[in-house]
1. Is there any pair with a first residue in segment 376-387 that is in contact (Cβ under 8 Å) with a residue 60 or more places away in the chain and farther than 17 Å from E20 by Cα and a second that is acidic (D, E) and assigned to a helix (DSSP H, G or I) whose Cβ atoms are under 8 Å apart and which are 6 or more apart or on different chains, and what are they?
2. Here is a check on your reading of the model: is L168 closer than 30 Å to H299 by Cα and either in contact with a strand residue (DSSP E or B) (Cβ under 6 Å, 6 or more places away or on another chain) or at pLDDT below 95 (or both)?
3. With T49, T63 as the choices, which residue is among the β-branched types (V, I, T) and either touching a helix residue (DSSP H, G or I) at 6+ places or on another chain (Cβ under 8 Å) or crowded, with 19+ Cβ neighbours inside 10 Å (or both)?
4. Given (1) within 30 Å of I241 (Cβ to Cβ); (2) within 19 Å of the chain's Cα centre (by Cα); (3) surrounded by 17 or more Cβ atoms within 10 Å (Cβ to Cβ), identify the lone condition not met by T353.
5. Kindly evaluate G260 against the criterion of being assigned by TED's automatic domain parsing to the domain that holds L365 and surrounded by fewer than 20 Cβ atoms within 10 Å (Cβ to Cβ).
6. Might you check whether a residue that is touching a residue at least 12 places away in the same chain (Cβ under 8 Å), within 22 Å of K222 (Cβ to Cβ), among the small types (G, A, S) and touching a Lys or Arg at 6+ places or on another chain (Cβ under 9 Å) occurs anywhere in segment 32-50?
7. If I go through segment 99-118 residue by residue, how many of them are within 26 Å of the chain's Cα centre (by Cα) and surrounded by fewer than 21 Cβ atoms within 10 Å (Cβ to Cβ)?
Amino acid sequence: MKRLKKEIARAMDGAVERSETPSALTLVWRNEEEKLFHASGYADLGSSTPIRRDSLFRIHSLTKPMTAVAAMTLVERGELDIYAPVSDFIEGFCDQRVAISDIRTVPVKRPVRVGDLFSMTSGLPYSGTATAAERAMGKLYAEFEQESVEGCQPDTLAAANRMGRVPLSFQPGERWMYGTSADVLGAVVQAVSGQPLDAYMAENVFAPLCMNDTAFYVPEEKRDRYATLYEHKDGILAPVITPAGSLDDRFARPNFLSGGGGLISTMDDLLQFARMLLAGGELEGERVLSLRGVDWLTHNRLNAAQMATIPWDTMNGYGYGGLMRTLIEPSKGFTLGVQGEFGWEGYAGAYMTVCPKEDLILLMLQHCADSPLSPLMRKVRNMVFSSLG
């Protein structure tokens, strides 16, 4: 393990020195104990403030598995039906249509179901320019942003209602597409529970797991721990400028609580969440989910036709389940791995994989925009999995 830590430290320190990332944290947990932790780089480059274990990071899409867990708690209580149409909870999903072009749509053959949100087979896109549906969602998000800077940001349910009125990219269940499914699932959690999404997640996920630093914004008393978010711009690392009041402002509680990418967290909070999943839904006497609930979330939910539509070669060998990837065929991947491992990652480099067969958790945190599945992550993965023997 000493050799592995030395090799990982070398890779992380080198990535910081080459300005590939401003900072990186790596933690390895195995056989019920922490085996390795290393921190490289800076929370703020301008002031040379070192990154710390308790630094706060935007985890972006690593929010998704936490939203999935919150939704599964409602399933287990009999309050949410995975087969139910989303329109049962969000009116904007009634009478949906599918975009054929920018000016032509057709009716859905069946409604979007809650299960489609868990598996990203809803047809709901993210903003983009490649298809008519992506362009329509981009127009909607531009409206959200304008409303936000004007001080009238829509709340979670209002935003989801409007997303439901955007034409889908394809017929529900027909394909896999990474999009706003998790944001809508968060709105479903809010509609079913009768609580704001942040309050429900705090009460039913974060508090039981002692995830005391995980929230949708950074309160004033914790701002000194927040790591500056960077991006590569003109060949250098530059701070990401986020206007106050914008959709991405994380220094005030947002009205639109993004179940797809809105959370702030720390390494130790991520470890608590991952340990709960590894242990089958329970941690230190607190049960968040049943073993069957965790099993449903962490196994592939896609059929062969849906899997064939996943566009990213970084997902080779993986299926997709409860807003997480799951490794089905390790030999097809671009990194070393073990069948049955599961997890996800975020836009700025937050990363989680949980491997039940090896009783292993691997966590990484970076804070550099557009860093999911970065070369550093792949190198660290390969070192960790090759060390297992």
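The values are calculated or read from the model by the stated rules, or taken from the named source; none is laboratory data. These numbers come from a predicted model, not from an experiment. No Cβ is skipped: glycine too gets one built from the backbone with ideal geometry, and neighbour counts run over all protein chains shown.
1. From residues that are in contact (Cβ under 8 Å) with a residue 60 or more places away in the chain and farther than 17 Å from E20 by Cα, the pairs are M383/E7.
2. yes
3. T63
4. Condition not satisfied by T353: (1).
5. Taking the combined requirement at face value, the residue does not satisfy it.
6. The answer is yes, given that some residue of segment 32-50 is touching a residue at least 12 places away in the same chain (Cβ under 8 Å), within 22 Å of K222 (Cβ to Cβ), among the small types (G, A, S) and touching a Lys or Arg at 6+ places or on another chain (Cβ under 9 Å).
7. Going through segment 99-118, the residues within 26 Å of the chain's Cα centre (by Cα) turn out to be 111-118.
If we keep only those that are surrounded by fewer than 21 Cβ atoms within 10 Å (Cβ to Cβ) as well, we get 111, 115.
Total meeting the criteria: 2.
Every residue, every condition in (1) under 28 Å from G179 (Cβ atoms); (2) buried (at least 19 other Cβ atoms within 10 Å of the Cβ); (3) out of contact with any Ser or Thr (no Cβ under 9 Å at 6 or more places or on another chain), yes or no:
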position: L197; (1), (2), (3): yes, yes, no
position: T214; (1), (2), (3): yes, yes, no
position: K222; (1), (2), (3): no, no, yes
position: P254; (1), (2), (3): yes, yes, no
position: L271; (1), (2), (3): no, yes, yes
